[in-house]
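The values are calculated or read from the model by the stated rules, or taken from the named source; none is laboratory data. Treat the numbers as computed from the prediction; the structure is a model and nothing was measured. All Cβ positions, even for glycine, are placed from backbone atoms using ideal geometry, and neighbour counts span all protein chains on display. When the accessible area is computed, the model is the full protein with side chains, heavy atoms only, and any ligands, DNA or RNA have been set aside. Shrake-Rupley method; radii C 1.70, N 1.55, O 1.52, S 1.80 Å.
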Amino acid sequence: MEINFVTGKGGVGKSAVAAALALKRARAGFRTILVELGDQSYFRDYFSLPSVGYQAQTLEISGVKFDLAQWSGQECLKEYILHIVKVESLYRLFFENAVTKALVNVAPALSELSILGKITSGPPRNVGPKMPYDVIVVDAYASGHFMALMNAPTGLATAIRFGSMGEQVRSIGKVLHDANLCKFFVVALPEELPVVEGLELAGNIKKVTGQSSKVLLNRLLPFSQELNADLTAHAEPALKNFSNYLQELEARQKSMQERILNSGHEAQSLPWILSSDAKEIIERLSRELQA
Ligand SMILES: Nc1ncnc2c1ncn2[C@@H]1O[C@H](COP(=O)(O)OP(=O)(O)OP(=O)(O)O)[C@@H](O)[C@H]1O
Ligand SMILES: [Mg+2]
């Protein structure tokens, strides 16, 4: 069992990288599910699907199949409670009345914990309904919200010390700390602020889970010596400015790559895939990702 969390600042390419990682693992022969968190599906529009929901559906990219689902806190909690109480009407009596709904909404940590409970419900915890996967790739929340997710078990462990619920909370926290089970990917763009925030996020993940993240510097433009020579050869004023801009961009990309290397994190750069076809972007990105 392998759980991969993909996070980073908003808009840096978390979803694209998560999908590429899922495709890569599926191509290697692992039963894989790509899970997006939250209430709205991004992949529905991205892959032009009729809908994406709690029940997994199969997605196929260049002949390779993997599952796709979107999990909300409410649905994860419902599935877990149903697994315990078994009877749907009993579930409704307790959990679909206004009071409990309000309670779940004011206790965001409970919602986060339910999601983590579902993600980590396979081996070695083996709780709830069986999940037929070797690999889970979580297209997770952006930075701040992701840390709230990671902090949920610790926060609740002090509130719920005893009983089976306390046991659950501690076992979920343990899985997050287990380097054999959970891997963390922080995506960033080759710009000052996204890199600073990405490294800060990786630092926070380390603080909370004890785990190192792999930092993925995404959307690098492919510069070459030939391209640079061509650009500097242009003397027309309009193109001169553009060429200067591209050279600045290249210098910035290089310095961001160095910044990440010097930070001591495991790192990889990913190219900007010049295509407007979603499946092609994911397919090509998946070939770029190193093991
Ligand atoms: N390496 C890449 N090459 C080309 N296009 C990319 C690359 N990475 C991401 N994209 C594109 O950039 C856009 C933003 O990426 P994506 O939606 O994955 O970001 P995100 O971090 O998930 O955003 P959000 O914070 O809104 O969830 C998408 O259209 C995606 O296809
Ligand atoms: Mg996204």
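For this structure, a couple of remarks:
- Note on exposure: Lys65, Lys118 ranked by accessible area (1.4 Å probe, complete protein assembly) read Lys65, Lys118, with the most exposed listed first.
- The Cα-based radius of gyration of the chain, divided by its Kirkwood radius, gives an Rg/Rh of 1.04.
- Around the amide H of Ala267, modelled in the peptide plane, lie the amide H atoms of Val215, all under 5 Å away and 5 or more residues distant in sequence or on another chain.
- Pairs of C-alpha atoms in the stretch 2-81 farther apart than 23 Å represent 19 percent of all such pairs.
- Efficiency of FRET from Cβ geometry, Ala157 and Ile84, R₀ 22 Å, rounded to 0.05: 0.65
- Phi angles of the stretch 127-138 translate, via the Karplus equation with coefficients 6.51, -1.76, 1.60 and θ = phi - 60°, into HN-Hα couplings of 10, x, x, 5, 10, x, 10, 8, 9, 10, 10, 9 Hz per residue; Gly and Pro are given as x.
- Here is how the number arises for the chain: DSSP H runs of 4 or more residues each give -39500 (n - 2.57), the sum is divided by the residue count, and the result at 222 nm is -17000 deg cm²/dmol.
- Out-of-range pairs (alpha-carbon distance over 25 Å; input Lys118/Lys279; Lys130/Lys206; Lys174/Lys206): Lys118/Lys279; Lys130/Lys206
- By accessible area, using a 1.4 Å probe on protein heavy atoms only, the chain has 56% of its surface on carbon and sulfur.
- Cβ-based charge dipole, the chain, positive-most Cα from Leu116, Gly128, Pro237: Gly128
- Interchain or long-range residues, amide H under 5 Å from Asn218's placed H: Ala188, Leu189, Leu270
- Average accessible surface for the stretch 201-291: 59 Å² per residue, computed with a 1.4 Å probe over protein heavy atoms with every protein chain in place.
- Ratio of Rg to Rh over the stretch 239-291 (Cα coordinates, Kirkwood Rh, two decimals): 1.09
- Each peptide in 273-279, 157-163 gets a packing score, the mean of other Cβ atoms within 10 Å over its residues, and the list from highest to lowest is 273-279, 157-163.
- Per-residue SASA entry for His177, accessible area with 1.4 Å probe, Å² rounded to 10: 100 Å²
- Taking 0.36 nm per residue of sequence separation and removing the Cα-Cα distance, the Ser275/Glu258 pair yields an extension gain of 3.4 nm.
- Ranking Ser15, Ser243, Ser224, Ser89 by solvent-accessible area of protein heavy atoms (1.4 Å probe, all protein chains present), from largest to smallest, gives Ser89, Ser224, Ser15, Ser243.
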